[in-house]
């Protein structure tokens, strides 16, 4: 009678299966990729400040001093207040890992298969990446929400009723506006919004081109501006990206034998169109939070910024005993920061 190895009792009793060491398959996260922590929150891309919040200056008005004159015409110099100050509060995000000291003692060679210290650290930082993704693509639920950072929908607002520079105050701040700058008072502090019906060149692409053109401002004179330059990123869900890839294939008559030759190659004005898995996995939340369906966000990272409190960028504590459990070791990573936009006109959202 023939036996398989699993059925041979002595073999099962006396022999272990081959065990992989120091590696594991990480299948915890639902998002295939993350935008916020690995890209937007890189240390070289953020700025640092002090105080109990972060503020920024915006010039909304002009002295209107330029005029055409005759020779020897009488001068009439004037002065005017031209700037306003926006501000954001700090928000705080943390993660941690904890292990009982005796568990660490047990998790040693030669019995150790994987390092529990390493898996715990990776688990904590993965949780941080997931939370930062939530924070970046969402806004506070209300004006009384004092823990959520001011993510994209706080600054780039969709207006389903009118196209153009119509993205006004977010629902979370209907009276004060984003950054405490009321866009009903300071009407230039509005982003571009466009409502499309079809993903084709006559609708979505045409509206996208207009949005990108009319939000690309270039100051006519040089100055100490904090928003010089244009550095756009385009972000959408798979529903939109998949149809854009099909649209790209339809205009290319030389595709060769690759049935998906344009996958991952979609660009708008030579910049990649980035798929955001969070939008697919949180479509209902994004709809209720920002009022958008199948959106494309055009974010100008010359003006869409992240500010950290100095010394509080991914600040990691020493490994130390827990105060209530003397054998349990714990380590925290803390961030004190917030997102802000000092020129909302240079950002846009397209939505169905």
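Of everything in segment 281-317, what is closer than 21 Å to residue 179 by Cα and over 17 Å from the mean Cα position of the chain (by Cα)? Give them in sequence order.
Listed by number, the residues that qualify are 291, 309, 310.
Scan segment 322-341 residue by residue and report those that are in a strand (DSSP E or B) and without any contact (Cβ under 8 Å) to a residue 40 or more places away in the chain.
326
Every residue in segment 33-60 that is modelled with pLDDT of 85 or more and in a loop (DSSP other than H, G, I, E, B), please.
33, 34, 35, 41, 42, 46, 50, 51, 52
Please count how many residues of segment 61-70 are at pLDDT 80 or above and closer than 27 Å to residue 343 by Cβ.
Matching residues across segment 61-70 total 1.
Might you let me know whether segment 297-308 holds any residue that is on the phi > 0 side of the Ramachandran plot, in contact with a helix residue (DSSP H, G or I) (Cβ under 9 Å, 6 or more places away or on another chain) and either surrounded by 21 or more Cβ atoms within 10 Å (Cβ to Cβ) or not in a strand (DSSP E or B) (or both)?
There is no residue in segment 297-308 that is on the phi > 0 side of the Ramachandran plot, in contact with a helix residue (DSSP H, G or I) (Cβ under 9 Å, 6 or more places away or on another chain) and either surrounded by 21 or more Cβ atoms within 10 Å (Cβ to Cβ) or not in a strand (DSSP E or B) (or both).
Filter segment 265-280 down to the residues that are surrounded by 17 or more Cβ atoms within 10 Å (Cβ to Cβ), free of Cβ contacts under 8 Å to residues at least 60 places away in the same chain and in a strand (DSSP E or B) and list them by number.
273
Can you go through 158, 196 and tell me which one is within 26 Å of residue 239 (Cβ to Cβ) and more than 17 Å from the chain's Cα centre (by Cα)?
196
Considering segment 130-157 alone, what residues qualify as being in contact with a helix residue (DSSP H, G or I) (Cβ under 6 Å, 6 or more places away or on another chain), under 29 Å from residue 206 (Cβ atoms) and assigned to a loop (DSSP other than H, G, I, E, B)?
139, 151 - these are the residues of segment 130-157 that are in contact with a helix residue (DSSP H, G or I) (Cβ under 6 Å, 6 or more places away or on another chain), under 29 Å from residue 206 (Cβ atoms) and assigned to a loop (DSSP other than H, G, I, E, B).
Which residue is farthest from residue 56 (Cα to Cα), if the candidates are limited to segment 71-97 and must be at pLDDT below 85 and assigned to a strand (DSSP E or B)?
That would be 97.
Pick out the one residue from 180, 169 that is at pLDDT 90 or above, more than 30 Å from residue 32 (Cβ to Cβ), surrounded by 13 or more Cβ atoms within 10 Å (Cβ to Cβ) and out of contact with any helix residue (DSSP H, G or I) (no Cβ under 8 Å at 6 or more places or on another chain).
180
Note down all Cβ pairs under 7 Å where the first residue falls in segment 182-205 and is in a helix (DSSP H, G or I), the second is surrounded by fewer than 19 Cβ atoms within 10 Å (Cβ to Cβ), and they're at least six residues apart or on different chains.
Qualifying pairs under 7 Å: 203/197; 204/198.
Just name the residue that is modelled with the highest pLDDT out of those in segment 219-236 that are under 22 Å from residue 194 (Cα atoms) and in a loop (DSSP other than H, G, I, E, B).
Going through the qualifying residues, I end up with 231.
Consider residue 321 against the criteria (1) closer than 30 Å to residue 170 by Cα; (2) touching a strand residue (DSSP E or B) at 6+ places or on another chain (Cβ under 9 Å): it satisfies all of them except one. Which criterion is unmet?
Residue 321 satisfies all of (1) closer than 30 Å to residue 170 by Cα; (2) touching a strand residue (DSSP E or B) at 6+ places or on another chain (Cβ under 9 Å) except (1).
Which number in (1) over 22 Å from residue 244 (Cβ atoms); (2) under 18 Å from the mean Cα position of the chain (by Cα) marks the one condition that residue 349 misses?
Against the list (1) over 22 Å from residue 244 (Cβ atoms); (2) under 18 Å from the mean Cα position of the chain (by Cα), residue 349 comes up short only on (1).
Consider only pairs whose beta carbons are under 8 Å apart and that are at least six residues apart or on different chains; among these, list those whose first residue lies in segment 108-127 and is at negative phi and modelled with pLDDT under 75 and whose second residue is surrounded by 13 or more Cβ atoms within 10 Å (Cβ to Cβ) and in a helix (DSSP H, G or I).
From residues that are at negative phi and modelled with pLDDT under 75, the pairs are 116/103; 116/104; 117/104.
The values are calculated or read from the model by the stated rules, or taken from the named source; none is laboratory data. Bear in mind the structure is a predicted one, so any value in this text is a computation, not a measurement. Don't worry about glycine lacking a Cβ; one is built from the backbone with ideal geometry, like all the others, and counts go over all protein chains shown.
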